[in-house]
Structures are given as C-alpha cells and as structure tokens.
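Only one structure is covered here, and it is reproduced in the block below.
What follows is calculated from the coordinates using simple rules that are stated; it is not laboratory data. This is a predicted model, so every value here is computed, not measured. Cβ coordinates were reconstructed from backbone atoms using ideal geometry, including for glycine residues, and neighbour counts include every protein chain displayed.
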Amino acid sequence: MDFSEINIPILIASLIVTATPLILAALGELIAEKSGVLNLGVEGMMIIGAVSGFIIGVETGSALLGIIGSAVGGALLSFLFAFIVLVMKANQVASGLALTIFGLGIAALLGHPYTGIAPPQFQSFSLPLLEDIPIIGVMFFQHDFVVYFSILASIATWYFLKYSRRGLVLRSIGENHDVAHSLGYKVIATRFASILFGGALAGLGGGYLSLVRVPQWTEGMTAGAGWIALALVVFSGWHPFRLILGAYIFGGITILQLNLQAIGVNINIAILSMAPYLATIIALVIISVSRIQGNKGAPGSLGVSFVKVT
Amino acid sequence: MFKLEPRVEFSPMISFLGPLFSIVLTMIFGGILFFSLGVDPVAAIKMIFWDPLMSETFAEYSRPQILIKAAPLILIALGLSLGFKANIWNIGAEGQYIMGAIFGATFALSLYPSESVFIFPVMIIAGIIGGGIWAMIPAMLKVKFKVNEILVSLMLVYVAEQILALASLGFLRNPDGAGFPGSRNLNDYPSASNLELINGTGIHLGVLISLLMVIFFYILLFRHSLGFKIKLIGHSPKAYAFSGDSPNKMVVICLLVSGGLAGVAGLFEVAGPAGQITIDFNVGYGFTAIIVAFLGRLNPIGIFLAGIIMALTYVGGELTQFMLNLPAAAIQVFQGMLLFFLLSFDLFVNYKLKFLKD
C-alpha cells in the first residue's frame, strides 16, 4: 500500500462530486420538513430520479435532458406521496416508507433493460480563468453545472426561507399549521408545493448518481443515500449552509474509504464499507448531544396531518 | 362539498373493509401494471393469489412455502406493531433479522461437530440476543441522546449487511467449502437444524412459535396493562406521563421486543429453510413485515392473516417469475401499492365524510 497514491486535490474534487446528490436530496427534504411534512420516501424518489434520468438520457442521447427528466421523475413520485398525506391524511412515516418500497420496485422494473449500458457523457462546465489556478482549479472549478447548481440552490433556499415573505409563510405553516390556517395561509397548497420541490431535488440527486457519479444503472444503486440525506437534514439543524458542510464531511469519509480500498490498505473491505453508515450514526449522536435541550430547528408541526376544523 | 369530521367511535366494519378494499384495488392496479408489461393480467393475478393454494401442478410445492414465508413475516410484524402503536419506529428489522441469524449460526458452528440437545435451544436464545442487541443500539441512543430511532435503525441495516458479508466470506466460511463464500449448511448438522416437524407441510418450529406469538400478543395487547400503556403513549403521550412511567421504558421495551423477534425469525430461517449464512441471506422480510404490520392494522389476528396474504404474494410472485417471465421487482411494486391503498383508506377509519349542502 502506498499513501502517496492518494492525490489530495483529486480527492477533494471527488468528495464534492460525492456530496452533490446528498446536498440536492437533503435540500429538497429540508424545504418539505420546514413546511411541516416529514417525507421518509427520499430513497424512493432518488432511485426513481436515477432510473428516469438514465432512461431519458440514453433514449435521447442527451445527458442534460436526462438530468431534467430525473427531476421530473422524482417530482412525479412525490406527487403520489403528497396526495396520500395531504388529501387522504395518511400517516406520514408509514407513507414515506411505502413510497420508498414502491419507488425501489418501480425503478428496478423500469431500469432492468438498461443494466450495463453507458449513459451519454456529461459536459463538464469549467469556470474560465478560475479553472487554471493550480490545485484549487482542479478541486473546485472543473466540475459540471449540477455541482454549482447545488451550491446556488442552497444559497437560494437559505435566502428564500430567511428573507422572503413566502419563505416566512412556509415556515409559519411548518411551525403551527392551525395558526397559519386561521391567518388565511394556504396550508395544503404550500405543503403540496414543498413536497413536489423536495421530490424534484431528490430526483435530481438520483439522476446525478446514475448519469454522472457512477455513471451506470444498477438495481438499488442509491444504497441508502436517501436515508443519509434525511440524516443530513437533522444534522444541519434545518439550516442550508450547515447542510452543505455536513454533506462535504460525509462525502470526505466516503471518498477516503474508497481510496483506502483502492490502495489496498490492510482493513477488510466490508469494514471500510460500513464507515459511511457508522459515520452517519455518530454524526446524529453528536448533533443530538450538542442540542439536547429542546429540538432547536425542528418545525413544530413536523409530521402532523392538517385537517381543517372550521 | 364535504368536510371531514373525526370519528368518535371506532368502527370495526370500516376497519375490516379497509384491507379488503385495498387488496381488491391492488389487484386492479396491479393488473394494469402487468398489462403494461405485456403480461395477461388475469393470468398473473390468478397465479399470484390462487395458484399457490389451489393449482394442481404447483400447490404441493407452494402450500408449505406459504407457511415458511409467513412465519418470519408474522414474527417480525408482531414485534414492530407494538412500536408502531406507541409511535416508536423501528424500521431496521432487516438488520436485526441478519444479526439474529449470525449470532445463532456462530454459536452453533463454534461447537461443530459436537452433538447435544441443548444446542438448538441455546441457538434460539442467541438469535434473540443478536436481534435484541442490534435493536438496543437505536433504543439506547434515543433514550440517552434523543437520537432519531428511524434513521439509526435503518443505517444499522447497511452495517449488518456488511457484517453478513464479513461472516460468509470470513469467520463463518465453510472450511470444507472449496473456498466458496457461505457457511456450513446447518441442515447437515443435526443438533443445530430447524427441520420440518411434519414432512411436506413446511411447518417448522418457527411456524409454531409465530402462531403462539399471535395468541400471546393478543393477550398482551387486550388483556394486559402493558398493552394498554403502549396504546396510551401512542394516542396521548401527555396522558401517559400521568401514569408515572417513563416514556424511555416504552422505547426500550418496544425496540427490544421487535429486535428480539426479528432476531429469532432470522435464526429459524438460517437453521431451517435457508440452511446457511450467505451474502444474500436476507431477502427483505424485515421491510415487508412493515407492510404486514399495517395490512393487519397493527392487530395480532390481522397480522396473522396479513402475513399469510403477503407470503402468498411472495410465492405467487415467484411463480409469475418462472411461468410468465415477470421481473422480480413487479411483486415489490405490487406490495408498495397495497401499502399506499391501505394508508389512504385510513382516512375513512379516522374520519367521517360529511356532505354539506350549499
């Protein structure tokens, strides 16, 4: 084994690529949770995004259309969830699980003929001038546009929640839907939109996996990424910037683990493969310990169905 | 227009009709799905729900298979239903199932080839301990640090799958297996084997115990104060607080029971139908059991029936794979659909529709 084989700038660059689908999916979930909806179907929406993006990419020969298709696929599946929890008032935890089971099944069904095919190449979108900076250029400025989009989307989400009027309405609905309703805000419509937004971003994250990061379709390829995205939302304390930080830390652990496998470090592959999941658990513990008094950041109405009383 | 009015009185009629309607709707929408896959929908639905029981060619093989597949589903779902009633969400039963099997098999294989009547009973205990330990991790983290048990229990499924790989490639690998992954076959080790009790019926000890557990849980839920407390904490945590018990106690009980049952289900599987620890030992019973728990409306008798129905779709699903070339995932879609309809139908269980005259 030779540790000098690990190239740090490339490590950082691939860490960012690893973290991007997580940022996207977690950001979508963050908006949904801020509006008071707990959608445990992120894994299902991601894998639907992965398969729909892949199929559209292969069939049209355009990776860009594929990426767009993945967002549409994720949003379509989330529509089902929105209908069940908002109109039929079903239990959100159970419905989210159902969405994941259903999504994994549909994705396996649709993706089966596409196993082992290479998707169209994705254009990288290097930033002129900046990309030529030694080392830093490789790390940060030679990525594809989805990476930059994930950062911009995080900033936009932060601004939307903190400074815009609609963001304030969304948060108030998440904190207490009865009060928000009595003030005349549209609880169901807002939540519907938030769930669809969450579905689109989760789908996008999945599409990024199958079209860029892997890039291939294999059954069950999200391998828990959706669940890790859910954990990231908790870890971030419902804050978009801490969410990016968490995703990069997590991406770092995953990439380091893969690199250690590649250079043949003397640790069993199975044990290295556990690292991302164990790291998630440890992160959840640390974050819970640090805010053990009160659940700072969690919306007050999270997971509760809204039924009009009057 | 209409509005929703909370139901004051529980309606057993609606509660019973829900699962029934959901199954019918799933058959219809599943039929549409099969049709779109280019398969005769009537033949596929018949093959899933009818042929495993009644077909002359398959029933002899598939009838025992139904019990074999229903037993772990019922065992796991019974345990999960306790927590689901109390709003404690263990969704990592799949991992606890794996750990129960690994603990039990490790104990047995460490004694191989010595024979003793005590080996199998201790294996059962080892299975309970394995699943229990795995469920105690989320329980302890929730009690001590208020960590979300949904995420921790689910993450531990992935960890357990890696331990399974470690076991079948490493510490449990069959030394006489010519280097192939997988442990010794416990069915070739009489003291550790969970054999069929009656030949050709599929009934092994796990099936018997799952039936006993249905009765036990019925008594626990409807005749014992613990059952009352579980329902109380689910409906109204504030009212529960007045009972003087700590909610933490419920977290530990619910996770320990569900983990232990998932573990013992894994043990019966590895010592019986599966026979050995392999990389793909787990086939998703831990996740399907979640559907079973809801299909049975978190009621022990309901879970028993739901377990049989879900096992039927498994066996029928395998038939459609062989006979009609349907992909394996189709049956997963089918099961997901069923859960959607069930959960949607809860609207009519919890609320009354009142039509308003304008």
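The amide H of A:Ile117, built 1.01 Å from its N in the peptide plane, has A:Trp217 as neighbours under 5 Å, considering only residues 5 or more places off or on other chains.
Our estimate of slack between B:Asn248 and B:Asn199, defined as 0.36 nm per intervening residue step minus the Cα-Cα distance, is 13.1 nm.
Taken along its three principal axes, the alpha carbon spread of the protein assembly as shown comes to 76, 76, 57 Å, from the longest extent down to the shortest. Taking every residue in A:150-157 and counting other chain Cβ atoms within 10 Å of its Cβ, the average works out to 0. Remark: for residue pairs A:Lys186/B:Lys142; B:Lys144/B:Lys231; B:Lys238/B:Lys352; A:Lys34/B:Lys238, the C-alpha separation exceeds 32 Å in A:Lys186/B:Lys142. Between B:Gln321 and B:Phe35, full extension at 0.36 nm per residue minus the direct alpha carbon distance yields a gain of 101.5 nm. Between A:Leu11 and A:Ala189, the C-beta separation translates, for a Förster distance of 41 Å, into a calculated FRET efficiency of about 0.35. When B:Thr320, A:Thr18, A:Thr222 are arranged by Cβ crowding within 10 Å, least crowded first, meaning fewest neighbours, the order is A:Thr18, B:Thr320, A:Thr222. Derived from the Cα gyration tensor, the three semi-axes of the equivalent ellipsoid of chain A are 32, 22, 19 Å, largest first. When each of the peptides B:8-14, B:332-338, B:139-145 is scored by how many other beta carbons lie within 10 Å of its residues on average, the order from highest to lowest is B:332-338, B:139-145, B:8-14. Approximating the spin labels as points 7 Å out from Cα along Cα→Cβ, the B:Glu9-to-B:Val42 distance works out to 4.3 nm. Span-like helices, chain B: DSSP H, alpha-carbon axial extent 30 Å or more, mean Kyte-Doolittle 0.5 or greater, which ones? The qualifying helices are B:12-36, B:59-85, B:119-145, B:247-271, B:300-324, B:329-350.
Measuring nothing but alpha carbons in region B:11-355 and taking Rh as the Kirkwood radius, the Rg to Rh ratio lands at 0.98.
If you wrap region B:115-159 in the convex hull of its Cα atoms and look at it from every side, the mean projected area works out to 3.9 nm².
What is region B:223-358 by shape, rounded, prolate or oblate, if you read a ≥ b ≥ c off the alpha carbon gyration tensor as root eigenvalues and call it rounded for a/c under 1.5, prolate for a/b larger than b/c, and oblate otherwise? In terms of gyration-tensor shape, oblate. Restricting region A:74-128 to chymotrypsin sites (Phe, Trp or Tyr not before Pro) that sit in a DSSP loop and have at most 11 other Cβ atoms within 10 Å of their own Cβ leaves nothing. Where the centre of each part is set by its Cα atoms, how far does region B:43-115 sit from region A:1-54, in angstrom? Taking the Cα centre of region A:1-54 as reference, the centre of region B:43-115 is 33 Å away. In chain A, helices alone account for a calculated mean residue ellipticity at 222 nm of -22000 deg cm²/dmol, with every DSSP H run of four or more residues adding -39,500 (n - 2.57).
Inter-label distance, A:Ile155 to A:Gln216: 3.7 nm, where each label sits 7 Å from its Cα along the C-beta direction. Per residue, chain B reaches -23500 deg cm²/dmol at 222 nm when only DSSP H runs of four or more residues are counted, each adding -39500 (n - 2.57). Among the GluC sites (Glu not before Pro) found in region B:38-95, those both in a DSSP coil and sparsely packed, with 15 or fewer other Cβ atoms within 10 Å of their Cβ, are B:Glu56. Close amide H pairs (under 5 Å, H built 1.01 Å from N) link B:Tyr351 with B:Arg7, residues at least 5 positions away or on another chain.
For B:Leu111 and A:Val304, what does the FRET efficiency come to when R0 = 51 Å and r is the distance between their Cβ atoms, rounded to the nearest 0.05? The calculated FRET efficiency here is 0.45. In this simple spin-label approximation, A:Leu130 and B:Phe118 carry label points 7 Å from Cα along the Cα→Cβ vector, and these lie 7.0 nm apart. Ordering A:Leu272, A:Leu15 by the number of other Cβ atoms within 10 Å of each residue's own Cβ, fewest first, gives A:Leu272, A:Leu15. Quick check: Cα centre of region A:171-237 to Cα centre of region A:99-119, how many Å? Answer, in whole Å: 20. For a paramagnetic label modelled on A:Arg242 (point 7 Å from Cα along Cα→Cβ), amide N atoms under 16 Å away belong, within region B:136-156, to B:146-148.
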